[in-house]
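What follows is a single structure, written as structure tokens, with notes after it.
The values are calculated or read from the model by the stated rules, or taken from the named source; none is laboratory data. Nothing here was measured: the structure is a model prediction, and the numbers come from that model. A quick note on method: Cβ atoms are made from the backbone with ideal geometry, for glycine too, and the neighbour counts reach across all protein chains shown. Only protein heavy atoms, including side chains, enter the accessible area calculation; ligands, DNA and RNA are left aside. Shrake-Rupley method; radii C 1.70, N 1.55, O 1.52, S 1.80 Å.
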Amino acid sequence: MASLPKRIIKETERLASDPVPGISAEPHEDNLRYFAVTIEGPEESPYENGVFELELYLPDDYPMEAPKVRFLTRIYHPNIDRLGRICLDVLKNNWSPALQIRTVLLSIQALLASPNPNDPLANDVAEEWIKNEELAISKAKEWTKLYAGKR
Amino acid sequence: MNYNVSDATDFSHTSIPQLSQLDTLVRCHICKDLLKIPVLTPCSHTFCSLCIREYLTREPKCPLCLSELRESNLRSEFLVNEIIESYRSVRDELLESLKEDQRNNAEKSLIELTDDDNDDDLQIVGTNQKEEVKRDKNEKSVGKVTKPSTSTGLNSLLNSQRDKSKTKEKLAQCPICSNFYPIQALERTHLDECLTMQSLDESTDVKKRTPTPPSPRIKSPKSSSKPKRAVNAKDDISHVDKYLSSFNTGQRRERLPKINFTSMSLSQIKQKLASLSLPTHGSRQNMIARYNHYEVLWNSNFCDAIEPVDESELRRQLASWEASHNPSNGNNGTNIISKMMRRANQGNSYQKLLADFKTDNFQRKSWILMFRKDFKNLIQEAKRSIPRESKTTGSVDNQIAVPENTEKE
């Protein structure tokens, strides 16, 4: 296996020693570039009380390239599609090597707190969100209970 | 794998936790390590030369403020470089002694609770931490700026006297000037002074400039530690010297240009690589990646570094980059690189060879060379055993045949 850059070791250590509230990220035993992530739904959002599982992979060129992140838990959100792909600027054009795993996960948590239906990835969800926000939010809550219930 | 990674939070459990800010500031935001060959962007941000150059090959913008940025806009910062190098050389010792201070402090604090009202607050942890920290900071900054007539000075004076009256073991050696001071004084005022003095000027009289340390200076009782310190002192001088003489280094080379490979044929690319004595194996993509990384290494080294290394060292760095960076490139690339690496350290150990035994990387020749004797022995043994076998079987045949013959007869 290719040797692990110091930076990744350091980030992993810090994630363990000084975790972000509501977020956990643990590297896989066999592949230290692959992380199992959980994010708690932010308070006062439709995703409150939900625990969402994600996978995060650091490509070979990290930190020159953004980490790849995907939701494993199903979620009703205009910027997250059925496959769990996330529409987030810092994961794409606005990635900068000064960012890190921690900041990316915080951005995702923020995205849960403030869905943006005007820049959608899941078009059907976004449409419903714009048409009838209340209904969409109640659906998001329902899905959270259904798929992201605490065990 | 080396898990010994330094971090700014290392300082949070020392007697001067504020140092973690300094430690953070001298780190590159890309590799998160202490800056190596720092370069300045037009937007006034600083990165390792290598890190930012590598990033700029992908995106022409500053990682911190996202403003547009070209490689040619980068300027090296010799002063920052030397500051960081001298910091790097004392960091471990500094950290160790500050941790030691913290431990001693913790022991002492129990005694101090009773007689020192100002320090009381500092000891009660957890009730009102923010205020404490603030007060702590104020106290520290006051102590740094002003002369010994402030409370800090008095405190340390008091403490130092107490120390003296108690035991001599409470003295600690300053990691920088190697003199012995009472721990309190060392930690509160002396270290700062000593550090600033060090960076200002080595040769000037320390006593003149320091705001007369409240504690008496005590010469180090043993000269045994001297030689080590002398080396350190030399290091520091050389950082100053290096900075001062950094402008007249005549070793600047021309930068390697960016090359547009799309219009080049494979043989042209190979020629280009060969002209720089780079390996020419691998796919077209591999070769382009190799040149691009070499260009980054070259320009960082010859344009930014104070003390550029020579080309063979750059090629070695390239090889190790390729080995660690392109594991997916298949056998061809890694094979030759591993060969290169092996050739570099001749002692082709058995372990290394064995590790590749089942893969394509396995080096038959060196394996055979290593076990030449054993192989010979085996072959000889085999040769010896074959005729013997045939003889024995033959003799058995004969033996069998003989009685038959005799019977017939």
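Numbers at a glance
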quantity: Region B:251-325 - Rg and Dmax from Cα coordinates, angstrom; calculated: 12.3, 37
quantity: Inter-chain Cβ neighbour average for residues B:25-33, partner chain, 10 Å; calculated: 4
quantity: Probe 1.4 Å, accessible area per residue of region A:6-148, Å²; calculated: 51 Å²
quantity: Area buried, chain B against chain A - accessible surface, total, 1.4 angstrom probe, square angstrom; calculated: 2100 Å²
quantity: Inter-chain Cβ neighbour average for residues A:138-148, partner chain, 10 Å; calculated: 0
quantity: Rounded accessible area of residue A:30 (nearest 10 Å², 1.4 Å probe); calculated: 120 Å²
quantity: Spatial separation of Cα centroids for region A:35-75 and region B:30-44, in angstrom; calculated: 30 Å
quantity: Region B:8-107 - Rg over Rh from alpha carbon coordinates, Kirkwood radius; calculated: 1.10
quantity: Cα radius of gyration and Dmax for region A:14-140 (Å); calculated: 14.7, 46
quantity: Sequence ranges B:297-303, B:286-292, A:140-146, ranked by mean other-Cβ count within 10 angstrom, highest first; calculated: B:297-303, B:286-292, A:140-146
quantity: Sequence of B:78, A:35 from largest to smallest accessible area, 1.4 Å probe; calculated: B:78, A:35
quantity: Per residue accessible area in Å² of region B:8-107, where ligands, DNA and RNA are left out and the probe is 1.4 Å; calculated: 45 Å²
quantity: Residue A:29/residue A:74 FRET efficiency (R0 25 Å; Cβ-Cβ; nearest 0.05); calculated: 0.45
quantity: Rounded accessible area of residue B:316 (nearest 10 Å², 1.4 Å probe); calculated: 130 Å²
quantity: Largest-first ordering by accessible area, 1.4 Å probe, given options B:385, A:45; calculated: B:385, A:45
quantity: Sorted peptide list for A:63-71, A:36-44, criterion being average Cβ within 10 angstrom, highest first; calculated: A:63-71, A:36-44
quantity: 23 Å Cα-Cα threshold exceeded, pairs from B:36/B:270; A:6/A:68; A:6/B:36; A:92/B:36; A:10/B:242; A:10/B:258; calculated: B:36/B:270; A:92/B:36; A:10/B:242; A:10/B:258
quantity: Computed accessible area, residue A:147, all protein chains, 1.4 angstrom probe, square angstrom; calculated: 90 Å²
quantity: Cβ neighbours within 10 Å from other chains - mean over A:5-18; calculated: 4
quantity: Nearest-20 debye value, chain A charge dipole, Cβ charges on Lys, Arg, Asp, Glu; calculated: 240 debye
